[in-house]
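No lab work stands behind these numbers, since they all come straight from the coordinates. Small disclaimer: the values here were computed from a predicted structure and weren't measured. Here the Cβ positions follow ideal geometry from the backbone for every residue, glycine too, while neighbour counts run over all protein chains shown.
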Amino acid sequence: MNQPPCKAMTDVQLQSGTRTHFGSGVRHALHDLSSIAGPATRFASWRKPCRSIETVVFELSVASPGFERLASSSASFNILFFAQRVPLNRPSTIQPMAQHGISVFATDRQGLLRDLASCVAEFGANIDGTHLEPGEKTETHLEINGDFDVEALRLKLLQVPSVDRVEITDSIGSIFGKRVIVMGGGAQVAQVVMGAVSEADRHNLRGERISVDTIPLVGEKMLASAVRAVGRLPRAKILVLAGSLMGGDITNAVRELREKYGIPVVSLGMAGSVPAAADFIVTDAVQAGVMAVMAIADTAQFNIDRIRGQRF
């Protein structure tokens, strides 16, 4: 079966004064790219985003075999070559939030959570997340997705032993939405949050749900532990590290967060090795907050893949 067409972003860096496979002009580059990818190639645009070296960024639509030819031919070019597959008309990269919230108030006992989950499973629903308030009288909040009768599930949960009452609520995701996490030194964190909240306000007015969470922290050990914990936070979509000096184990934690959980990391311009490990670097703290929100907002025209590794 033929694979669907895809959009490939191809960064072609022509070193100044160096003859390359593409020659000296954009026209030659377009011709050679078409020859490699095949006659069905359609070019959307090209641009030169950098003055220090002759860089041309091409956006083109090619069939999958043509894309594979582009990728495999890069080794023969006397250039720095990058190609990335992005499906045409791709769906949002933001994971859908839970549709329903149910809070269960009960006397705590062993096996309570198991019994609640069994009831949800009987209705063909899926638990996306839970939050428990411990104590003799406990509250268990369930974030649930699925096509089911919410009221019937509420009545079923009331039959579970030790359950006192069950309330149907909005899901936490539908209220607080995606989370921007900001951590680091207090002064820089405050400036990042100012930019993030200002930008989130614009998008939330248009139907988004983005919240900003922060914790001022200092010290390599504390920050490294906090960075690793971001991956376990519900709905955390991006991390901003704000400070003057970060490195060592914090850098290791940043790499782990990106590799294990796919959560992008924005770094302020600072001393240390963290900026090199981040997705991109922003010198101005307020602008860092703005760009972090833009990176996760469905209502923003922003592609983090196009600026990865850059400094602003």
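Using the crude model of +1 on Lys and Arg Cβ and -1 on Asp and Glu Cβ, and no other charge, please compute the dipole size for the stretch 177-306 relative to its Cα centre, in debye to 20. Present the calculation step by step, with values, prior to reporting the outcome.
On the way: 14 positive and 12 negative charges, 74 e Å.
Rounded to the nearest 20 debye, it is 360 debye.
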5 angstrom amide H check on residue 177, placed H, neighbours 5+ away: none
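Please report 257, 241 as a ranked list, fewest other C-beta atoms within 10 angstrom at the top and most at the bottom.
Numbers: 257 21, 241 31.
Ranking 257, 241 by Cβ neighbours within 10 Å, fewest first, gives 257, 241.
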Estimated vicinal HN-Hα couplings, Hz - the stretch 258-270 in sequence order (Karplus 6.51, -1.76, 1.60; Gly, Pro = x): 5, 6, 7, 10, x, 8, x, 10, 9, 10, 5, x, 8
Would you please give the residues with an amide H less than 5 Å from that of residue 182, counting only those at least 5 places away or on a separate chain, with H modeled from the backbone geometry? 213, 214, 215, 240
